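Okay, so here's the structure we're looking at.
The values are calculated or read from the model by the stated rules, or taken from the named source; none is laboratory data. Since this is a predicted model, take the numbers as computed values, not measurements. When we count neighbours, we look across all protein chains shown, and the Cβ atoms used for this are built from the backbone with ideal geometry, even at glycine. Side chains are part of the model used for accessible areas, which takes the heavy atoms of the whole protein and leaves out ligands, DNA and RNA. Shrake-Rupley method; radii C 1.70, N 1.55, O 1.52, S 1.80 Å.
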Number of protein chains: 2
Amino acid sequence: MNWTLASSAILCTASREAAIARQAVLTKPAGSLGQLESIAVQLAAMQGTDAPSIQRPYIAIFAGDHGIAAEGVSAFPQVVTGEMIRNFARGGAAISVLAKAQNALLHVYNCGTAYPIEPLTGVTDRSIAAGTFNFLQQAAMTETQCSQALAIGKEAVENALAQGCDLFIAGEMGIANTTPATAIASTLLSVDPAQITGRGTGIDDAVLAHKIEVIRQGIERHQIALTSPLRTLQYLGGFEIAAIAGAYIAAAQAGLPILIDGFISSAAALVAVKHNPSVRDWMLFAHASAEPGHATMMQALAAKPLLDLGMRLGEGSGAGVAISLLRLACDLHNQMATFADAGISNN
Amino acid sequence: MNWTLASSAILCTASREAAIARQAVLTKPAGSLGQLESIAVQLAAMQGTDAPSIQRPYIAIFAGDHGIAAEGVSAFPQVVTGEMIRNFARGGAAISVLAKAQNALLHVYNCGTAYPIEPLTGVTDRSIAAGTFNFLQQAAMTETQCSQALAIGKEAVENALAQGCDLFIAGEMGIANTTPATAIASTLLSVDPAQITGRGTGIDDAVLAHKIEVIRQGIERHQIALTSPLRTLQYLGGFEIAAIAGAYIAAAQAGLPILIDGFISSAAALVAVKHNPSVRDWMLFAHASAEPGHATMMQALAAKPLLDLGMRLGEGSGAGVAISLLRLACDLHNQMATFADAGISNN
């Protein structure tokens, strides 16, 4: 896993400054486009250009099952992970619809599901095992498995670059995966699970109380081993969460802008940034998840997400929506007239 | 102004219920698309269809000058109203860029500027006068002028319908127009101006204090006359604000969905809804303006805007951005697979 510690690409300071200067002379009151201004400036710095643009986003969905699902922490049965992989491939899932609407490339990486899946177009089989281990009984992954999962993310970024994509989005599918994501966030942020555990796909009060208890016990069981972000990922995480963390690190190293989705991908982002802080420079944040722990993670990452639509679907869907905002921010930055162009009196 | 009291078109209950039923069986946890679900359901009810869509939005920019600008309440000189009309026509303004990106029709209605403007393509001259009167000295408009301004909005809706548009957005341009908009909101909501007056295009603390005082004095001066929403509009409003209110009423009467922009258009929305409550059914809300009084108006209109990007530009720019969300909401509603289609286990 040595590759994960290499520095990220360097943002272009000259392009950032040129973009800030341009925003100041566009025909609008200073700052009046709010976050659309800062997004354009960030993309200019990432792309090293005066005229940032998003032509072809790459959406990688990482799927995996979780041993912890055996504890009854989710509203859906584990067979749904595989069923949804088929739905992604057939174009029926929310992220499939969004990818088509946004002219994005969508590809699924199967990191290991509990039930076998036939070969499918648009799905790469990188199964590590038939799901992770139950973290109440042992580490969710072996060290080797965790390395394998991180490498799947790196492979996805290489594929995105090979296809000329200019924005990286990670989505995920894995029944019960808010449980490992919450366990990771609780550990890395030293927060009581009760404060950040949510209902995921829609569990009731009794299951929520049980889920909190499961997370507490898992953290307690492995306390001594949780000495680093990657060890936390290995002991409490999941294949798809590790793949996303690996993808974020690889994207930042390659200088590929990242648009972070919701709860699960933010837990992966937290692992990536705590492990290799230089990765943070390449992250944009799509939306505030309705999952209660998400705001805590955003605060820890000093992030102000673009959207707050009460979404909590996963799959990369919040990022799939926010692509529109990135593109409009670029259009405004590139196409608006300046005060001088338009002969307008500036105060 | 009798036409303004006629009932709005009736929403289609059957389409609304069918849309709610469809959302419940799409392949996602119930409610997990948040506001994108409710937007699709509202559009289905407005359009009377199972498959709502936004093909061709109409963006009408109403421009007008304000006598109250003489009191020094704005950061920009009044000549900018006309300069920006030229910028809209040439395609250099934020809303021009957004209209192009969204494949929307953009048309400017000049309701009356302080400085004369040459004929321009894309601009209809409906000048009522060279700006309103200073409301510290007399009513901003005569009753006839207010009627004329309301009728300009109705004309814009007729043009939108004649061109087959399926969404109505009002934008505005008028130096100093946060002052009349705040005066209207203060009056109709019985709120002290100090609580909802903001910096508009960017005034400093001293000018802000003066602006609050001007608004207070205006309300005090006309208190006895402010007996109805339309009288408030006439005494404290502006040509473009009245045109927007008229447009909203006419759009609702014609059954044309409305996407409300920010601070100024929300003040017009407040007038329209207080005057004719049936108009509210046809309103969707694009964004939370950074202007402090906007949240108070949204509360009064029982509205939860889609975006909160810190925008405060006007021109209809927040609505121009939010068109993307309406379209994605429709795509998700229409194109996602159901649990039955996809053979997925629902809990």
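Placing +1 on the Cβ of every Lys and Arg and -1 on the Cβ of every Asp and Glu, with nothing else charged, gives the protein assembly as shown a dipole about its Cα centre of roughly 80 debye. On the beta carbon distance between residue A:159 and residue A:334, with R0 = 30 Å, the FRET formula returns roughly 0.60. Label points for residue B:17 are taken 7 Å from Cα along Cα→Cβ. From this copy to the others they lie 6.5 nm apart, shortest first.
Using θ = phi - 60° and the Karplus curve 6.51 cos²θ - 1.76 cosθ + 1.60, what whole-Hz ³J(HN,Hα) does each residue of the range B:113-129 get, with Gly and Pro shown as x? Along the range B:113-129, the couplings run 10, 5, 10, x, 10, 5, x, 9, 5, x, 10, 9, 8, 10, 3, 8, 6 Hz. Each copy carries a label point for residue A:209 at 7 Å from Cα toward Cβ; from one copy, the others' points are 5.7 nm away, ordered from shortest.
Taking all protein chains together, B:317, B:7 sort by accessible area into B:7, B:317, largest first [probe 1.4 Å].
When B:240, B:83 are compared by accessible area at a 1.4 angstrom probe, the order from most to least is B:83, B:240. The share of accessible area on the range A:57-327 that comes from carbon and sulfur is 50 percent, using a 1.4 angstrom probe. When the accessible areas of B alone and A alone are added and the area of the pair subtracted, with a 1.4 Å probe, the result is around 4200 Å², both sides summed. Averaged over peptide B:117-123, the number of partner chain Cβ atoms lying within 10 Å of each residue's Cβ comes to 0. Where chain B is rotated onto chain A, the residue of B whose Cβ comes nearest the axis, and that gap in whole Å, is B:324, 2. Database remark: amide H of residue A:128 closer than 5 angstrom to the amide H of A:112 (H placed geometrically; neighbours at sequence offset of 5 or more, or on other chains; Pro and chain starts carry no H). Put simply, the range A:57-327 fits an ellipsoid with semi-axes of 25, 20, 18 Å; these come from the alpha carbon gyration tensor as the roots of five times its eigenvalues, largest first. For the protein assembly as shown, the solvent-accessible area of protein heavy atoms averages 33 Å² per residue (probe radius 1.4 Å; ligands and nucleic acids excluded). Comparing each chain alone with all protein chains together (probe 1.4 Å, DNA, RNA and ligands left out), the residues of the range A:23-55 losing at least 50 Å² of accessible area are A:29, A:32. Set against the 2.2 N^0.38 Å expectation for a compact globular protein, the protein assembly as shown has a Cα radius of gyration ratio of 1.01.
Counting, for every residue in A:335-342, the Cβ atoms of other protein chains within 10 Å of its Cβ and taking the mean gives 5.
Accessible-area loss of 50 Å² or more (1.4 Å probe, protein heavy atoms, chain alone versus all protein chains) is found in the range B:68-116 for B:76, B:83, B:97. For residue A:334, the distances from its label point to the matching points in the remaining copies are 2.7 nm, ordered from shortest, with each point set 7 Å beyond Cα toward Cβ.
With both labels modelled 7 Å from their Cα along Cα-to-Cβ, the residue A:51 to residue B:49 distance reads 3.6 nm. Amide hydrogen proximity for residue A:62: with H placed 1.01 Å from N in the peptide plane, the residues at 5 or more positions away or on another chain lying under 5 Å are A:109, A:171, A:172, A:173.
Using heavy atoms of the protein chains and a probe of 1.4 Å, the accessible area assigned to residue A:281 is about 80 Å².
Under 11 Å from a point placed 7 Å out from the Cα of residue B:207 along the Cα-to-Cβ direction: which residues of the range B:73-96 have their backbone N that close? The answer is B:73-78. Please work out the C-alpha center-to-center distance from the range B:7-50 to the range B:163-226 and express it in whole Å. Answer, in whole Å: 34.
Report, ordered by chain and residue number, the lysines lying within cross-link reach of residue B:211, taken as a straight Cα distance under 22 Å and ignoring same-chain residues fewer than 8 apart. Counting by Cα, and skipping residues close in sequence, residue B:211 has these lysines nearby: A:28.
Measuring heavy-atom accessible area with a 1.4 angstrom probe and counting protein chains only, the residues of the range A:282-326 that give up at least 20 Å² relative to the chain alone are A:306, A:307, A:308, A:309, A:311, A:312, A:313, A:321, A:324, A:325. Projecting label points 7 angstrom from Cα along Cα→Cβ for residue B:341 and residue A:1 puts them 4.0 nm apart. Classify the range A:254-318: rounded, prolate or oblate, from the alpha-carbon gyration tensor (a ≥ b ≥ c, eigenvalue square roots; a/c under 1.5 rounded; otherwise prolate if a/b is larger than b/c)? Because a/c hits 1.5 or more and a/b exceeds b/c, the range A:254-318 counts as prolate. Taking a quarter of the surface of the Cα convex hull of the range A:197-347 gives a mean projected area of 11.9 nm². In chain B, the DSSP beta bridges split such that about 5 percent are antiparallel, to the nearest 5. Taking all protein chains together and a 1.4 Å probe, the residues B:28, B:100 rank B:100, B:28 from largest to smallest accessible area.
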